[in-house]
Amino acid sequence: MAYREVTMLEVKEVLRLWRAGTPKKRIAAMVGLDPKTVRHYIRTAGEAGVPSAAGTPVTDDELTAVLLALHPAQERPRGESWATCEAQRKDIAKWLAQGLRLTKVRKLLARTGTIIPYPTLHRYAVAELGFGRAAPTIAVADCGPGEEVQLDTGWVGWLHTPEGRRRRFRAWIFTAVRSRYRFVYPAFQETTALAIEACEAAWAFYGGVFKVVIPDNTKAIVAHADPLGAQIVDAFREYAQARGFHIDPTRVRHPRDKARVERSVPATRDDGFAGEELPDLAAARERGRQWCLEEYGQRRHSRTQRRPREHFETEEQAALLPAPIAPYDVPVWATPKVGRDQYAAVEKALYSLPTKWIGYTVRARADRQTVRFYHARVLIKTHVRQPPGGRATDKTDFPAERSAYALRDVTALQQRAAALGPAVGHYAAALLDAPLPWTRMRRVYALIGFGRRYGATRLNDTCTLALAAEMLDVTRLGRMLAIAALPPSSPPPAAVAVPAPARYLRPATHYRLPLTLVERATPGEDR
């Protein structure tokens, strides 16, 4: 005998007519059922305790009781293996609590002589011990209009270049939490600069800025993931402050934190870019925009039962923060070390810092106009941005006695010499009078050193005499100062003694030894 499927509507109609006092044959003709089926429904209702009160409507509880009576739950009879599992319940539960795999549990049972088929053991562990069941989750309520947008990245397609090559590309995928309206921005890499570029394109697409961005834990945005205090990349945190939105990263390996986003990558890949012949990245971005506007945006969402684009334009667009007008100047953050020459390298350019920072590792922020250096979050130096290979030098960073030499400042060096006397200044100017004056700076430094050794007055007098004689030799000038510094009673310095002749030029008598010849003793005598 073949049993037909029982529908809730026909059972409810039979019970309604039965309570109205309609004869069973009349009910069968009106509902279109066999009279035997009608009698079976009415008899089952009586056995289930449903009263035949005239004129009262059929409640949901009464209908449920009749349906359960018509189709009672049939449990599958358990076999001997299930009874064996029940006998070993304590050991199985203990091993599963220790984190053992179910295959290992089966091996341990086999060592004791208990052989249980794995399918039976798996069904028992799932049904009786809760093995493999995920913890129940609580759906978080949707946010207000324009409050949250979730961000994810993933590989979504391939480019087919005119040269016949293939190149894989990924995409930054933005999903509005309330309306599920999506924006896709293809790119080749995951860098902080590209993350900011994708956000700028998203704000232009949406017509405003969301108040909260919930990113995936990409290294381009999250430097260190932590559920309580994630560390955001400095450049992106500064960008978020400039645009006025808050960053709320998710926990590591917790996809339920942003379940509305995790399936966005397969959907974008399979429906948006699969099978598309795209020659370059510009074509991929145009395809992504068209897919968001015309295809995904016009498709009825299974959860909200509304078209995402229409939903967004109706409720969320007016609640967004104002869209940015000027393009954002993406900064570059670096951690250079100040060398012994007092320069730090940032983006292939050199910048000077004060002497006390030699050997320190500092933080540097470079934008289009300036480069700022920080130590312990305190600004210590600011320079104008230089092109790669350039050099920015502040002479106040160097010691006063070395700054002129470091900067090849011959004018400042000559002024230092002139401070010792007018003749000294004229002598220094004469020394520097050359096509390449900085090649003679060491001579002027030696001249200034004479002033510290012999005094400014004596040096000025000696330079006056040397200039009168047109003698521009610093070494001879030093000898003149040394002679003038001797006391009057002291004899003039002796001439340099001539060294003794070399060894091979001495006469042989210098090497004669006073040897005494010993007479040879005769045999047998004592010496």
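With respect to the conditions (1) of a type in the set (Val, Ile, Thr); (2) in contact (Cβ under 8 Å) with a residue 40 or more places away in the chain; (3) assigned by TED's automatic domain parsing to the domain that holds Arg372, Val346 lacks only one, and its number is (2). Picking from residues in the range 71-85 that are touching a residue at least 40 places away in the same chain (Cβ under 8 Å) and surrounded by fewer than 14 Cβ atoms within 10 Å (Cβ to Cβ), the one that is nearest to Glu10 (Cα to Cα) is His71. In the condition set (1) surrounded by 13 or more Cβ atoms within 10 Å (Cβ to Cβ); (2) part of a helix (DSSP H, G or I), Lys94 is compliant with all but (1). Looking only at the range 345-376, residues that are under 21 Å from Val233 (Cβ atoms) and either crowded, with 19+ Cβ neighbours inside 10 Å or basic (Lys, Arg) (or both) come to 10 in all. Just name the residue that is surrounded by the fewest Cβ atoms within 10 Å (Cβ to Cβ) out of those in the range 36-64 that are small (Gly, Ala, Ser) and modelled with pLDDT of 80 or more. Restricting to residues being small (Gly, Ala, Ser) and modelled with pLDDT of 80 or more, the top hit is Gly49.
Residues in the range 65-81 include at least one that is among the small types (Gly, Ala, Ser), in contact with a Ser or Thr (Cβ under 6 Å, 6 or more places away or on another chain) and either in a helix (DSSP H, G or I) or at pLDDT 85 or above (or both).
The values are calculated or read from the model by the stated rules, or taken from the named source; none is laboratory data. Please read all numbers here as calculations on a predicted model, not as lab measurements. Cβ: placed from backbone, ideal geometry, glycine included. Neighbour counts: every protein chain shown.
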